[in-house]
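Take a look at the structure set out below.
The values are calculated or read from the model by the stated rules, or taken from the named source; none is laboratory data. Values in this document were obtained by computation on a predicted structure and should not be read as measured data. Cβ atoms come from the backbone with ideal geometry, glycine included; neighbour counts cover every protein chain shown. Calculation scope for accessible area: heavy atoms of the full protein, side chains included, ligands and nucleic acids excluded. Shrake-Rupley method; radii C 1.70, N 1.55, O 1.52, S 1.80 Å.
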Amino acid sequence: MKRALIVSKSEKAVAFFKSMLKEDRYEDVLCVPTGALARRTLSEQNLDLCIIDIPLKDEPGSELAIKAAEDSMCQVILTVKAEYFDEVTHQMEEYGIMTVSKPINRQMFYAALKMTDAIGIRMGRIQKEKEKLLQKIDDLRIVSRAKLTLITNLGMSENDAHKYIERQAMDMRRTRRQVAENILKTYQNR
């Protein structure tokens, strides 16, 4: 389920963004008129997209866009008046924030929406890969501690400790991490 937040003081803009998001199969769309409410929503919700139509009622909105991009995995689209477009785009690009010029062209906004969808999918894949790598690092850390425990307590060489853990994992049909955790439990109780 794709979830989005629309931050705009204009009811007309909210209606436009909602219709565009509905066409792009966003099922849960939250709308708030101020930066303060947007910050609270961003901290409480897991969102895929945040559209910020600046200026807001209580603030310019560019700092909110930066905070949303830095503090969450959601994609950010910032709509800005044409006369400020170049300046704001230059500021926002280093944060990965997409800017769209007002008045908003339906086709251009749809293209920006599809780009943010594609970027979101890619970031999701990268996040999953990062989690796998962190798990592997954690597994290696535990296996290394188990090897050190075998070396210290049983006088094994590092190579022998490695082979012992590998062999136990194959014989017991368990992961190297599970074998290492058992070794650590056994020698921690002594």
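Please go through segment 91-102 and pick out each residue that is outside any helix (DSSP H, G or I) and open to solvent by 100 Å² or more (accessible area, probe 1.4 Å).
The answer is E94, and nothing else.
Here's the yes/no breakdown for (1) open to solvent by less than 100 Å² (accessible area, probe 1.4 Å); (2) out of contact with any Asp or Glu (no Cβ under 8 Å at 6 or more places or on another chain); (3) under 30 Å from V88 (Cβ atoms); (4) modelled with pLDDT under 95:
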residue	(1), (2), (3), (4)
R106	no, yes, yes, yes
A111	yes, yes, yes, yes
D117	yes, no, yes, yes
I137	yes, yes, no, no
E158	no, yes, no, yes
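Does at least one position in segment 127-146 carry a residue that is under 30 Å from M20 (Cβ atoms), outside any loop (DSSP other than H, G, I, E, B) and within 30 Å of the chain's Cα centre (by Cα)?
Looking for residues that are under 30 Å from M20 (Cβ atoms), outside any loop (DSSP other than H, G, I, E, B) and within 30 Å of the chain's Cα centre (by Cα), one finds at least one in segment 127-146, hence yes.
Evaluate the following for T152: is it outside any helix (DSSP H, G or I) and either within 25 Å of the chain's Cα centre (by Cα) or closer than 30 Å to Y187 by Cα (or both)?
Spelling it out, it is not the case that T152 is outside any helix (DSSP H, G or I) and either within 25 Å of the chain's Cα centre (by Cα) or closer than 30 Å to Y187 by Cα (or both).
Within segment 1-22, take every residue that is touching a residue at least 24 places away in the same chain (Cβ under 8 Å) and not aliphatic (A, V, I, L, M) and give me the one that is surrounded by the fewest Cβ atoms within 10 Å (Cβ to Cβ).
S10
Exactly one of these conditions fails for K67: (1) closer than 15 Å to K2 by Cβ; (2) in contact with a helix residue (DSSP H, G or I) (Cβ under 9 Å, 6 or more places away or on another chain). Give me its number.
(1)
Search segment 167-179 for residues that are farther than 16 Å from R141 by Cβ and open to solvent by 80 Å² or more (accessible area, probe 1.4 Å) and pair each with any residue that is aromatic (F, W, Y) and in a helix (DSSP H, G or I) when their beta-carbon atoms are under 7 Å apart and the residues are at least 6 apart or on different chains.
none
Looking only at segment 65-90, count every residue that is free of Cβ contacts under 8 Å to residues at least 12 places away in the same chain and outside any helix (DSSP H, G or I) and tell me the total.
Going through segment 65-90 one residue at a time, the tally reaches 0.
Checking D160 against (1) under 38 Å from the mean Cα position of the chain (by Cα); (2) in a helix (DSSP H, G or I), only one condition comes out false. Which one?
(1)
When segment 1-43 is examined, which residues are found to be closer than 24 Å to A118 by Cα and acidic (D, E)?
The answer is E23, D24, E27, D28.
When both residues are 6+ apart or on different chains and their Cβ atoms are under 8 Å apart, which pairs have a first residue that lies in segment 93-121 and is charged (D, E, K, R), and a second that is in a helix (DSSP H, G or I)?
K102/A82; R106/M20
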